[in-house]
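The values are calculated or read from the model by the stated rules, or taken from the named source; none is laboratory data. Quick caveat: nothing in here was measured; it's all calculated off a predicted structure. Cβ: placed from backbone, ideal geometry, glycine included. Neighbour counts: every protein chain shown. Surface accessibility is based on the protein's heavy atoms, side chains included, excluding ligands, DNA and RNA. Shrake-Rupley method; radii C 1.70, N 1.55, O 1.52, S 1.80 Å.
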Amino acid sequence: MSCFNAISLWPKVSHQSWAFPNPPGQAIDSSLSDIGMQQAEAAGKYLKDVKFTNVFVSDMARARQTCETIVKHNSSCSGLEIVTDPSLKERSFGSAEGGLVVDMKNMATAAGQSWLDFTPPGGETIEHMKMRIKEFLEHLFQRMVADHCRPGQRETGMPEGALAGKPDDGTRDVPAHALVVSHGALIRVAMRYLVDELKCPLPQGLDMSHVIALCPNTGICRFIFTVTKGDAGITLSAIRCVFINRCEHI
């Protein structure tokens, strides 16, 4: 019946206010520090002229602050509903939350694993995080279709072309554009899920080292999804990566 292209940006929230160098995870629902607020302000100014039609954010305080800061700089976001989704919250690091990164690395080494993929005792597994990402994408597609698809609407082609290094790269002629604010560990797993499991091709100049890298604070990733609504429901028909972990604004 109809379809649309949507772009999701995943600015990683800045969490410099916590006292320990290990990620705060879910147990420590900290606010942004002064440095974190500066990074959020920089992201907001960088994205101020990028048009958004929808906004989604983690239910954690530091993500909401980042999202609100981005939205206040963007005139297209005036009056938009900010949809809070717990599926976007940070990974639970179990017994490692509030501890030291070196301790988590030592635990991972003892288990023969990379510390970025290691699951501490009581922590959330990578597979569970993938389930959350899948649930969020289903929610995202359903909401975007409900808000923007109309009977008889023509399918728009997947935008192509070289990047110009501008904040709105990839957004030209895209009718629906979602701002999605989440957290570093979840973003990293989301990137791998999109590339490995949804078979999203990488643009020239990017390889898997970019996909598995930690997203810098307020780093931005942009993907374009084409979904179609038919008798069988909503289906994903195409996906394109525009860029990953862009951070020249900070």
Just one of (1) within 16 Å of the chain's Cα centre (by Cα); (2) over 30 Å from residue 146 (Cα atoms); (3) modelled with pLDDT of 85 or more trips up residue 215, so point out which.
-> (3)
Scan segment 189-228 for residues that are over 23 Å from residue 40 (Cβ atoms), open to solvent by less than 10 Å² (accessible area, probe 1.4 Å), outside any loop (DSSP other than H, G, I, E, B) and in contact with a helix residue (DSSP H, G or I) (Cβ under 9 Å, 6 or more places away or on another chain) and jot them down.
-> 194, 211, 225, 227
Scan 176, 146 and give me the residue that is closer than 23 Å to residue 76 by Cβ, in a loop (DSSP other than H, G, I, E, B) and either modelled with pLDDT of 90 or more or among the aliphatic types (A, V, I, L, M) (or both).
-> 176
Flag if residue 80 is more than 16 Å from the chain's Cα centre (by Cα) and of a type outside the set (S, T, N, Q) | yes
What residue, among those in segment 229-248 that are free of Cβ contacts under 8 Å to residues at least 60 places away in the same chain, among the hydrophobic types (A, V, I, L, M, F, W, C) and open to solvent by less than 40 Å² (accessible area, probe 1.4 Å), is nearest to residue 141 (Cα to Cα)?
-> 239
Which one of these is open to solvent by less than 30 Å² (accessible area, probe 1.4 Å), among the charged types (D, E, K, R), in contact with a strand residue (DSSP E or B) (Cβ under 7 Å, 6 or more places away or on another chain) and under 21 Å from residue 134 (Cα atoms): 85, 59?
-> 85
Is it the case that some residue within segment 11-24 is in contact with a strand residue (DSSP E or B) (Cβ under 6 Å, 6 or more places away or on another chain), surrounded by 21 or more Cβ atoms within 10 Å (Cβ to Cβ) and either at pLDDT below 85 or of a type in the set (Asp, Glu) (or both)?
-> yes
Residue list for segment 103-114, restricted to those being surrounded by fewer than 17 Cβ atoms within 10 Å (Cβ to Cβ) and in contact (Cβ under 8 Å) with a residue 12 or more places away in the chain | 103
With the condition kept exactly as written, say whether any residue in segment 25-41 is more than 14 Å from the chain's Cα centre (by Cα), of a type in the set (Gly, Ala, Ser), crowded, with 22+ Cβ neighbours inside 10 Å and modelled with pLDDT of 90 or more.
-> yes
Filtered residues of segment 120-143 (kept if touching a helix residue (DSSP H, G or I) at 6+ places or on another chain (Cβ under 9 Å), more than 19 Å from residue 196 (Cβ to Cβ) and in a helix (DSSP H, G or I)) | 139
Cβ-Cβ below 9 Å, separation at least six or inter-chain, first residue in segment 201-218 and over 18 Å from residue 183 (Cβ atoms), second part of a loop (DSSP other than H, G, I, E, B) and of a type in the set (A, V, I, L, M): which pairs?
-> 203/163; 204/162; 208/202; 210/202
